[in-house]
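Here's the structure, in structure tokens; my notes come after.
We did not get these values from a lab; they are worked out from the coordinates using the rules stated. Predicted, not measured: the structure shown is a model, and the values here were computed from it. Here the Cβ positions follow ideal geometry from the backbone for every residue, glycine too, while neighbour counts run over all protein chains shown.
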Amino acid sequence: MQICTKNEQINADLMGAARVVPHQVGLIKLSKTQLKVLQSIMPGEKVTAELMAERCGLSCSWASTLLKTVWERGYLVRGGHVRMNGGLEFVYSSV
């Protein structure tokens, strides 16, 4: 998946769509930290919030929130499993 860089030209169709429904742009646009997390995931790699927290220097709870948001916007696939000590652990991978 290619992510637009800072100086890259934005597609004219995307710009037109953003002007029609500007309140929805936030649903697809990623913050710098969300983009950092997304770019830290190698193609085909499965990651957890704990791994991303270590990799990106974040707290586990903040990494979990970022991964969930990026998943909700359609950039990641999410699966989960029950931990031995209880609770659900989500595993994310790139689309």
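Please work out how much length the chain gains when fully extended from residue 36 to residue 71, using 0.36 nm per residue of separation minus the C-alpha to C-alpha distance, in nm with one decimal. Mind dumping the intermediate values first?
Details: separation 35, 0.36 × 35 = 12.60 nm, distance 1.39 nm.
Value of the extension gain: 11.2 nm.
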Which one of 82, 48, 93 is farthest out on the positive end of the charge dipole of the range 46-93, using unit charges on Cβ (Lys, Arg +1; Asp, Glu -1) and the Cα centre as origin? 93
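Can you tell me the order of 80-90, 57-67 when each peptide is scored by its average per-residue count of other Cβ atoms within 10 angstrom, highest first? Please report the intermediate quantities before stating the final value.
On the way: 80-90: 9.0, 57-67: 16.5.
So the order, starting with the most tightly packed, is 57-67, 80-90.
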Cα gyration tensor category, rounded, prolate or oblate, for the range 46-95 with a/c compared to 1.5: oblate
Which of the aspartates and glutamates could be linked to residue 36 by a straight reach, that is with a Cα gap under 14 Å, when you skip same-chain ones fewer than 8 residues away? 54
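For residue 95, what is the net charge nearby, where nearby means another residue's Cβ is under 12 Å from its Cβ and Lys, Arg count +1, Asp, Glu -1? Intermediate results must be reported in sequence, preceding the final value.
On the way: positive: 73, 78; negative: none.
Around residue 95, the surrounding residues sum to +2.
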